[in-house]
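The values are calculated or read from the model by the stated rules, or taken from the named source; none is laboratory data. Small disclaimer: the values here were computed from a predicted structure and weren't measured. Here Cβ is always computed from backbone atoms with ideal geometry, including for glycine, and neighbour counts include all displayed protein chains.
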Amino acid sequence: MGDVLSQSEIDNLLAALSSGELDADNMQGADERQVKNYDFNRPTKFSKEHLRTMEIIFEHYGRLISTNLPVYLRKNIQVTVSSSETVTFSEFSNSLSSPAILGIIDFHPLNGNIILELSTNLGYTIIDRMLGGNGTPLDKTREFSEIELSILQRMMTMFTQLMRDPWKNVIELSPVISRLETNPQFAQVVPPSDMVAIVTLNVKIGDIEGYINVCLPFFTLEDVMDKLNTKYWFSTMQERPDENYEDYIESLIRKVDVPVKAVLGKSKISVADFMGLQLGDVIRLNTKVDSDMDIFVGNIRKFTALPGASEDAYAVRVTSVIREGE
């Protein structure tokens, strides 16, 4: 309800109008509300609250990447959320370079797909590290080979699976990477005019810095838009005790592959004898048939064992465990 004027205020207002101090036309215009132009080509479907909630989700996602990626690359990884914005899908697709690294992810049970874009310099760095290099990106971009695409597919699968936990407060996801594209023209997941949210993660692998762009179409998130607000987020957040974090780290360590080597024995022969070896030749070792073998985990002597067989495969039976310092 508007303010009620007293009799004296009414008299003063009438006097000002009579003397010309106030203009009735100006008073009428001052009460009008300002009209803002609405662009129907860029409808506002993502509010600032939606973008802020998605930043919180992907801050958690970035922490998971910085924890899991070093298991593969053996290098320090830092991931932070750089920005979030809304654009049309055509603006996003037009900004992509060629070749690009685009993971098309089925965001089940939500409708449609999202796109995970990995910058090419990070892609080359990951490939170089996975193949035993120092993690140096290429000076000039080129098309990826089949082996390189296989490595990137494995990394994208890991990135996809890590999305389950950050979205758990909103919806229980079962994301699956449907395909990996290097040509932006083949990554059309929604019409060009549809609005999408872009969350950019800044990734630093050692001294190499790049980005991961996550393209989230409104069509895909439409069913959970009401849950993308900070009030709902914090009300459903479950606290995790510190001991769960230790269990989580232990579960990651258990997934690491380590080489195990059983050494039957050693022998020295001349190069001429080695070059002349044929099928059926016998090499004398420095161990006896009934003596224990050394079992190495990596380069560390960890067990002793006796040779044998398990069904149709060779096997060893552990006879003792070598403790640290023995």
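Since L73 meets every condition but one in (1) out of contact with any Lys or Arg (no Cβ under 9 Å at 6 or more places or on another chain); (2) modelled with pLDDT under 90, which condition does it not meet? Every listed condition holds for L73 apart from (1). Given the condition in contact with a helix residue (DSSP H, G or I) (Cβ under 8 Å, 6 or more places away or on another chain), part of a loop (DSSP other than H, G, I, E, B) and either modelled with pLDDT of 90 or more or over 30 Å from M195 (Cα atoms) (or both), answer yes or no: does some residue in segment 256-263 qualify? Yes - at least one qualifying residue is present in segment 256-263. Residue pairs whose Cβ atoms lie under 7 Å apart, sitting 6 or more positions apart in sequence or on different chains, and linking a residue in segment 200-225 that is touching a residue at least 24 places away in the same chain (Cβ under 8 Å) to a partner that is part of a helix (DSSP H, G or I) and β-branched (V, I, T), are I205/T125; I208/T125. Listed conditions (1) within 21 Å of P175 (Cβ to Cβ); (2) touching a strand residue (DSSP E or B) at 6+ places or on another chain (Cβ under 8 Å); (3) surrounded by fewer than 16 Cβ atoms within 10 Å (Cβ to Cβ); (4) at pLDDT below 90 are all met by R63, apart from (4).
In a helix (DSSP H, G or I), surrounded by 15 or more Cβ atoms within 10 Å (Cβ to Cβ) and not charged (D, E, K, R): does that describe M156? Taking the combined requirement at face value, the residue satisfies it. Going residue by residue through segment 110-119, is there one that turns out to be assigned to a loop (DSSP other than H, G, I, E, B) and within 13 Å of the chain's Cα centre (by Cα)? Yes: one or more hits.
Applying the condition of being without any contact (Cβ under 8 Å) to a residue 40 or more places away in the chain and of a type in the set (S, T, N, Q) to segment 137-165 and asking which residue is nearest to F58 (Cα to Cα) yields Q161.
Could you please let me know if T182 is within 18 Å of I77 (Cβ to Cβ) and either in contact with an Asp or Glu (Cβ under 7 Å, 6 or more places away or on another chain) or among the β-branched types (V, I, T) (or both)? The answer is no for T182.
The set of residues in segment 77-103 that are crowded, with 17+ Cβ neighbours inside 10 Å, closer than 27 Å to D226 by Cα and within 13 Å of the chain's Cα centre (by Cα) comprises V81, G103. Is it the case, given these coordinates, that K168 is among the charged types (D, E, K, R), under 25 Å from R63 (Cα atoms) and in a loop (DSSP other than H, G, I, E, B)? Yes, satisfied.
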